[in-house]
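What follows is a single structure, written as structure tokens, with notes after it.
Nothing in this text is a laboratory measurement; each read-out follows from the coordinates by a stated rule. Computed from a prediction, not measured in an experiment: that's the story for all the values here. So basically every Cβ, Gly included, is an ideal-geometry build from the backbone, and we count neighbours across all protein chains shown.
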Protein chains: 2
Amino acid sequence: MLMSPEDSVADAAVGLFGDPLRARIVRLLATEQMCTCHLIEQTGARQTTISHHLRLLRRAGLVETEPRGRYTYYRLRPEAIADLADGLRDLAAQAAEARDRYRPC
Amino acid sequence: MLMSPEDSVADAAVGLFGDPLRARIVRLLATEQMCTCHLIEQTGARQTTISHHLRLLRRAGLVETEPRGRYTYYRLRPEAIADLADGLRDLAAQAAEARDRYRPC
DNA sequence: TGGTGACATCGAAACATGCTGATGTCACCC
DNA sequence: GGGTGACATCAGCATGTTTCGATGTCACCA
């Protein structure tokens, strides 16, 4: 099995969905792009907290920013999410094939 | 922060991919089913550590067990992983649609 | 039936992560 | 130019997670 470095990057990116607030942010951004203040009022979280999660999502490449005047708009990068989905689909296919294969002890 | 139950379950499950050792275990199980001892020798991790991660994966429904004599075989549940992949694919589609929609401040 | 080997469970310690208040930067408007 | 509001960064803490050694259970075999 191939374990290229990108795989671990992908895993870390998928892992980001694990936090409830981050998952909430992703879902909100999936409906329309928003600036930080919208995310704050939608989630009720503090500004610094939102900003922190957005940084993680940005670093993982799941989200991109567009500064617009004094506001900063955030939107999801559908390609990145589609990549993760593809990775998981491949994994599922591989797992389905491996179901009946087993290694004796 | 309210989230529908299904959402949090799926997110938590995807989140499990975040840990490197767990991701490694999942990848190994994607090639063939294995008992704990195989996973131990492949990863170099301790038996208790492996056992702990397998429990998390099992609780999330990503993995199922089959006790066979004194060994316990583990295998992935391809349907579960395919479900996650589908969820991500839908999210990507939704995000693609939302790209040009934005909420003025 | 007693020994051994596979696996699960249980704290405790090490470690990572999320949240917060304080503070910095920068665009905008008076 | 000074005030304000949007957002980023930082350092500390609180909390959760990973890992570990010790221990328990259970199947197998001599």
Label points for B:GLU79 built 7 Å along Cα→Cβ; distances to same position in the other copies, nm, shortest first, come to 3.6
Could you let me know the centre-to-centre spacing of the stretch B:6-38 and the stretch A:20-36, using Cα atoms, in angstrom? 25
Taking A:ARG89, A:ARG22 and counting other C-beta atoms within 10 Å, the order from fewest to most: A:ARG89, A:ARG22
Computed helical MRE - 222 nm, chain A, DSSP H runs ≥ 4 contributing -39500 (n - 2.57), nearest 500: -19000 deg cm²/dmol
List the distances, in nm and shortest first, from the label point of A:ARG101 to the matching label points in every other copy, placing each point 7 Å from Cα along the Cα-to-Cβ direction. 4.3
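State, as an integer percentage, the relative contact order of chain A based on alpha-carbon contacts under 8 Å between residues 6 or more apart. Spell out each step's value before the answer.
Details: 74 pairs, mean separation 25.0, N = 105.
So the answer I get is 24 percent.
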For the protein assembly as shown, Rg(Cα) over 2.2 N^0.38 Å is 1.12
So for the pair B:LEU21, A:ARG99, with labels modelled 7 Å out along Cα→Cβ, what separation do we get in nm? 3.0
Kindly state, to the nearest 0.05, the FRET efficiency for A:ASP90 paired with A:GLN42, given R0 = 45 Å and r defined as their beta-carbon distance. 0.85
What three numbers, in Å, describe the spread of the alpha carbons of chain B along their principal axes, ordered from the longest? 61, 24, 23
Compute the label-point distances linking B:GLU66 to its equivalents in the other copies; points lie 7 Å from Cα along Cα→Cβ; give nm, one decimal, shortest first. 5.2
